Amino acid sequence: FFPIAKAGKLRKLEKALDAVDAVNDASKATKAVDKASDAARVVDKVDDVKDGTRALTSQEIVHDFVKDLDDITKSGSIAKNYQSSGGYAKALEDFNSLNLENVKEISTMAGPGKVGNLPDGTKVVVRPTSKEGIPTLEFQFKAPYKIRY
């Protein structure tokens, strides 16, 4: 009786190990797909550079947005602030022009806004008002850029 019971437990253990192996194999496959996807992105960026159609970095995108705006940054402020015009409608238009990824609606104290990401992961937020009471488009770097409309 004892050896039969032991054999049954060994079969169960073997099945459990097979299941663990299957999960491990699936995990390895997922990692391989992720690596292939990352490699494809790198190849695309290299191709863009070769073609002269290199994608802009988030810093270049922000610079393009603020180059003709007045810098209204207060002394000692971490964030760079710029003055634009057009209100929330213009802020939304500018946000939508960025072709962001993972765009989501957000709820703020002042009403609905949006958040999305540039291709490099930089978060961009548009909101109908801020502490200053002005619609804002914000590029969230360590030292954020805020465009006030």
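The values are calculated or read from the model by the stated rules, or taken from the named source; none is laboratory data. All values derive from a computational prediction rather than experimental measurement. Reconstructed Cβ throughout: ideal geometry from the backbone, glycine too, with neighbour counts over all protein chains shown.
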task: Pairs only if they're at least six apart or on different chains, beta carbon under 9 angstrom, first in the stretch 126-149 and buried (at least 19 other Cβ atoms within 10 Å of the Cβ), second in a loop (DSSP other than H, G, I, E, B) and of a type in the set (D, E, K, R); list them, first residue then second.
output: Arg148/Glu132
- line: Note: among Thr30, Thr73, Thr57, Thr53, just one is among the β-branched types (Val, Ile, Thr), under 30 Å from Tyr149 (Cβ atoms) and modelled with pLDDT under 90, namely Thr57
